[in-house]
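Only one structure is covered here, and it is reproduced in the block below.
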Amino acid sequence: MQGAKTERLRLVSALEVASVVSSILLVVWGLAPLLPRQRALQAIPLLLALGLVVWSQWQRGETLTDLGLTMINFSRAMRLLAWPLLIAGGVMVAIGKVNGSLHLYKNFTTALLLLPLSGIAQQYLLQSFIHRRLRQALGLESDGHQNGEHWRRTLAITLTAAIFSLVHAPNMMLMLLTAIGGIVWSLVFDRASNIIAPGLTHGMMSLLAICTLPPWMLESMAVGYSHFLYRSF
């Protein structure tokens, strides 16, 4: 009986991930070209997906600490992120210097305020929901040792990063950056369940990419159908 309940929970977790990802892809590939000026209608599937996320977390009794929405583990997460982000930031600045593409984004102040908030929102969806549900779908529990735990954790991290990259298609540079970032942020969340640190650094790295990478590498931050109608920075 317990085994059947566990298997049902694993299946539901996988279906929840599929539902949320499908909603995002529906908007960026389906509704964006069909209803280009109807932003309110485009938002409906995303709001429904967000409703599913919140409802699922409430039903399972997941706390703010479970979801990484407190300052617990913040300092540990920042320490884990420090070197990868310093290296990535240094590489982007070097690329910008070599290509003469270092510049101050015209909406820099606004982006400086909004991108960290956007980063936290994205990391909430990515880590607090998708990553956690993938772990549950793979049979990982929140604590305790299990056979094959290491490869399951590795697979959950890899799938999380792959999904993050997929929803940024067909923007190839963004897909590459989000794949790398997805692995780093998922590794950190796996070791220190906090999304504030990944969210803030997500926003800062996005702004750094805008201000350093040349247009031939990063044309815009647009994804899905909108990428074909991009306006460069």
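The values are calculated or read from the model by the stated rules, or taken from the named source; none is laboratory data. Bear in mind the structure is a predicted one, so any value in this text is a computation, not a measurement. Note: ideal-geometry Cβ built from the backbone for every residue, glycine included; neighbour counts use all protein chains shown.
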Residue match in the stretch 208-222 (condition: within 23 Å of THR110 (Cα to Cα) and either in contact with an Asp or Glu (Cβ under 8 Å, 6 or more places away or on another chain) or among the acidic types (Asp, Glu) (or both)): yes
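Take the residues of the stretch 212-232 that are part of a helix (DSSP H, G or I) and at pLDDT below 95: which is nearest to ILE95 (Cα to Cα)?
Our first condition is that a residue be part of a helix (DSSP H, G or I); within the stretch 212-232, this holds for 212, 224-229.
When the remaining residues are screened for being at pLDDT below 95, the result is 224-229.
Values: GLY224: 26, TYR225: 28, SER226: 26, HIS227: 23, PHE228: 25, LEU229: 25 Å.
Selected residue: HIS227.
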Any pair with Cβ under 8 angstrom, 6 or more apart, that starts in the stretch 49-64 at a residue that is more than 19 Å from ILE120 (Cβ to Cβ) and ends at one that is among the β-branched types (Val, Ile, Thr) and assigned to a helix (DSSP H, G or I): LEU52/VAL20
Helices (runs of 4 or more DSSP H) (entirely within the stretch 42-128) containing at least 3 residues that are within 20 Å of the chain's Cα centre (by Cα) and surrounded by fewer than 15 Cβ atoms within 10 Å (Cβ to Cβ): 74-99, 108-123
Per-region count, the stretch 191-207, residues surrounded by 18 or more Cβ atoms within 10 Å (Cβ to Cβ) and out of contact with any Phe, Trp or Tyr (no Cβ under 9 Å at 6 or more places or on another chain): 5
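Assess whether LEU69 counts as being over 21 Å from LEU177 (Cβ atoms) and free of Cβ contacts under 8 Å to residues at least 24 places away in the same chain. It would help to see each step written out before you state the result.
Details: over 21 Å from LEU177 (Cβ atoms): yes; free of Cβ contacts under 8 Å to residues at least 24 places away in the same chain: no.
The answer is no for LEU69.
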Test for HIS202: is it assigned to a loop (DSSP other than H, G, I, E, B) and within 30 Å of ARG60 (Cα to Cα): no
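Please go through the stretch 88-127 and give me each residue that is within 30 Å of VAL17 (Cβ to Cβ) and either of a type outside the set (S, T, N, Q) or at pLDDT below 95 (or both), ordered by number. Can you show your working first?
At the first step, the residues of the stretch 88-127 found to be within 30 Å of VAL17 (Cβ to Cβ) are 88, 111, 114-127.
ALA88, ALA111, LEU114, LEU115, PRO116, LEU117, GLY119, ILE120, ALA121, TYR124, LEU125, LEU126 - these are the residues of the stretch 88-127 that are within 30 Å of VAL17 (Cβ to Cβ) and either of a type outside the set (S, T, N, Q) or at pLDDT below 95 (or both).
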